[in-house]
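Read through the structure below, which is laid out as structure tokens, and then see the notes.
The values are calculated or read from the model by the stated rules, or taken from the named source; none is laboratory data. Quantities reported herein were computed from a predicted structural model and do not represent experimental measurements. We place every Cβ from the backbone using ideal geometry, glycine too, and count neighbours over all the protein chains shown.
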């Protein structure tokens, strides 16, 4: 495992890029492997505890089903990710402005995803919680 702060940030950034790539491919089972079990999703309107990988994959799939009704094509992180290493032994935050886009590039949905990540020996950095909040409220 990389030990310098910059290397840790690059590792987390790459993992999040891989995660969104799996999400965009519709490989929700693979995308779900980026999460700890259980994991938590939080927004101003709800909190969900997802007990296992199947619950996580189902949550991702249902999000895409909902978005496709509005012409969803893919998600993108927009702008730089803000990554804060809280403890180089295994705790970090990553805040990413995110857009859900149609094929023509127009937006279906915009928000900031702030991930709480924990490093494990087996799988690298895993998402323990994802916080969805307004796009203009990314960590500074």
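In the set (1) crowded, with 16+ Cβ neighbours inside 10 Å; (2) in contact with a helix residue (DSSP H, G or I) (Cβ under 8 Å, 6 or more places away or on another chain), the condition left unmet by residue 88 is number (1). Scanning the stretch 8-52 for residues that are exposed (fewer than 13 other Cβ atoms within 10 Å of the Cβ) and within 22 Å of residue 89 (Cβ to Cβ) gives a single hit, 14. Condition (residue is free of Cβ contacts under 8 Å to residues at least 40 places away in the same chain, assigned to a helix (DSSP H, G or I), under 25 Å from residue 10 (Cα atoms) and more than 15 Å from the chain's Cα centre (by Cα)) applied to the stretch 125-140: is it met by at least one residue? Yes, the stretch 125-140 has at least one match. For a quick check of your reading: which strands (runs of 3 or more DSSP E) sit entirely within the stretch 11-80 and have at least 1 residues that are closer than 20 Å to residue 97 by Cα and touching a residue at least 24 places away in the same chain (Cβ under 8 Å)? It comes to 35-42, 72-77.
Being under 29 Å from residue 5 (Cβ atoms) and either under 14 Å from the mean Cα position of the chain (by Cα) or in contact (Cβ under 8 Å) with a residue 12 or more places away in the chain (or both), is that true of even one residue in the stretch 99-108? Within the stretch 99-108, one or more residues are under 29 Å from residue 5 (Cβ atoms) and either under 14 Å from the mean Cα position of the chain (by Cα) or in contact (Cβ under 8 Å) with a residue 12 or more places away in the chain (or both). Among the residues making up the stretch 113-124, a single one is touching a residue at least 60 places away in the same chain (Cβ under 8 Å) and not in a strand (DSSP E or B): 123.
The residues listed here are 65, 116; of these, the one that is under 16 Å from the mean Cα position of the chain (by Cα) and modelled with pLDDT of 95 or more is 116. Just a yes or no: is a residue in the stretch 100-112 closer than 17 Å to residue 14 by Cβ and either in contact with a helix residue (DSSP H, G or I) (Cβ under 9 Å, 6 or more places away or on another chain) or assigned to a strand (DSSP E or B) (or both)? No: zero hits.
The set of residues from the stretch 96-117 being over 18 Å from residue 79 (Cα atoms) and crowded, with 17+ Cβ neighbours inside 10 Å comprises 116, 117.
Yes or no: residue 75 touching a strand residue (DSSP E or B) at 6+ places or on another chain (Cβ under 9 Å), modelled with pLDDT under 95 and either under 26 Å from residue 106 (Cα atoms) or buried (at least 16 other Cβ atoms within 10 Å of the Cβ) (or both)?
On the way: touching a strand residue (DSSP E or B) at 6+ places or on another chain (Cβ under 9 Å): yes; modelled with pLDDT under 95: no; either under 26 Å from residue 106 (Cα atoms) or buried (at least 16 other Cβ atoms within 10 Å of the Cβ) (or both): yes.
So residue 75 fails the test.
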